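Read the structure below first, then the notes.
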Amino acid sequence: MEKIDKFDLNIISCLQKDGALSQRELADRVGLSQNACWRRLQRLNACGIIRGTRAEVNLVELGLDLTVFVMIRTSHHAKAWADGFRQHVERLPEVTEFYRIGGDWDYLIKVVCRGMAGYDRFYQKLITDFELSTVTGFFSMEAIIENRPPDLGSLEG
């Protein structure tokens, strides 16, 4: 990957705010010709910096009204167990984010579901066939900042 410059960062920033921009609109916003912008965009995609575009969906309007941050502690740390647990969690459709973390907890899972009954169904699937020392859920009452892209301005220079 070639060095990322201010034009690349501007392209990324614009697409994070609006992934549906036309190529012409994107080129105009970043101050490049359409061809130059397209070549940069292709390079950013090819090297994996841009991994696709997605629609931002209002999950509450779809009935997915409960967000739970599930913290997990386990006494199992062997690679085979961790790989199996990872595959198990990846199959659970309620999971929107999944992290292995450091500190007092081992894993953090973000779950989106239909109410408490939906969370209970998720929880029962989560603990099936896996010995987990502690599982606790933190229930979101309000999303104050959600899906905000990071400020890439600090990467310039």
Exercise. Has the stretch 73-88 got any residue that is at pLDDT 95 or above, touching a strand residue (DSSP E or B) at 6+ places or on another chain (Cβ under 6 Å) and either open to solvent by less than 60 Å² (accessible area, probe 1.4 Å) or within 30 Å of Glu2 (Cβ to Cβ) (or both)?
Worked result: no
Problem set entry | Residues located in the stretch 96-142, provided they are β-branched (Val, Ile, Thr) and out of contact with any Leu (no Cβ under 9 Å at 6 or more places or on another chain) | Ile127, Thr128, Thr134, Thr136
Problem set entry | Filter result for Leu66 (among the hydrophobic types (A, V, I, L, M, F, W, C), closer than 26 Å to Ile144 by Cα and open to solvent by 30 Å² or more (accessible area, probe 1.4 Å)) | no
For this session: Starting from residues that are in contact with a Leu (Cβ under 7 Å, 6 or more places away or on another chain) and part of a helix (DSSP H, G or I), keep the ones in the stretch 143-157 and report whichever is surrounded by the most Cβ atoms within 10 Å (Cβ to Cβ).
Result: Leu152
Exercise. Just to be sure, is Asp120 among the acidic types (Asp, Glu), outside the structural domain of Gln23 (by the TED database) and outside any loop (DSSP other than H, G, I, E, B)?
Worked result: yes
For this session: Return yes when Asp8 is in contact (Cβ under 8 Å) with a residue 24 or more places away in the chain, closer than 30 Å to Phe138 by Cβ and among the acidic types (Asp, Glu) and no when it is not.
Result: no
For this session: Could you tell me whether Lys110 is open to solvent by 40 Å² or more (accessible area, probe 1.4 Å), modelled with pLDDT of 90 or more and of a type in the set (Lys, Arg)?
Result: no
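One line per residue, one yes/no per condition, for (1) of a type in the set (Phe, Trp, Tyr); (2) surrounded by fewer than 16 Cβ atoms within 10 Å (Cβ to Cβ):
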site	(1), (2)
Pro93	no, yes
Tyr99	yes, yes
Gly102	no, yes
Leu126	no, no
Thr136	no, yes
Seminar exercise, completed: Matching residues in the stretch 3-45 (open to solvent by 90 Å² or more (accessible area, probe 1.4 Å) and at pLDDT below 95) number 3
Problem set entry | Within the stretch 96-128, tally of residues that are touching a helix residue (DSSP H, G or I) at 6+ places or on another chain (Cβ under 7 Å) and not aliphatic (A, V, I, L, M) | 2
Seminar exercise, completed: Output for Cβ contacts, cut-off 9 Å, separation at least six or different chains, first residue surrounded by 10 or more Cβ atoms within 10 Å (Cβ to Cβ) in the stretch 46-59, second at pLDDT 90 or above and of a type in the set (Ser, Thr, Tyr), reads Leu59/Thr67; Leu59/Thr96
Problem set entry | Yes/no for Arg40 being under 30 Å from Thr134 (Cβ atoms) and not aliphatic (A, V, I, L, M) | no
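The values are calculated or read from the model by the stated rules, or taken from the named source; none is laboratory data. Everything quoted here is computed from the prediction, not taken from an experiment. Glycine also receives a Cβ, built like all others from the backbone with ideal geometry; neighbour counts cover every protein chain displayed. Note: accessible area is taken over every heavy atom of the protein model, side chains too, but ligands, DNA and RNA are not part of it. Shrake-Rupley method; radii C 1.70, N 1.55, O 1.52, S 1.80 Å.
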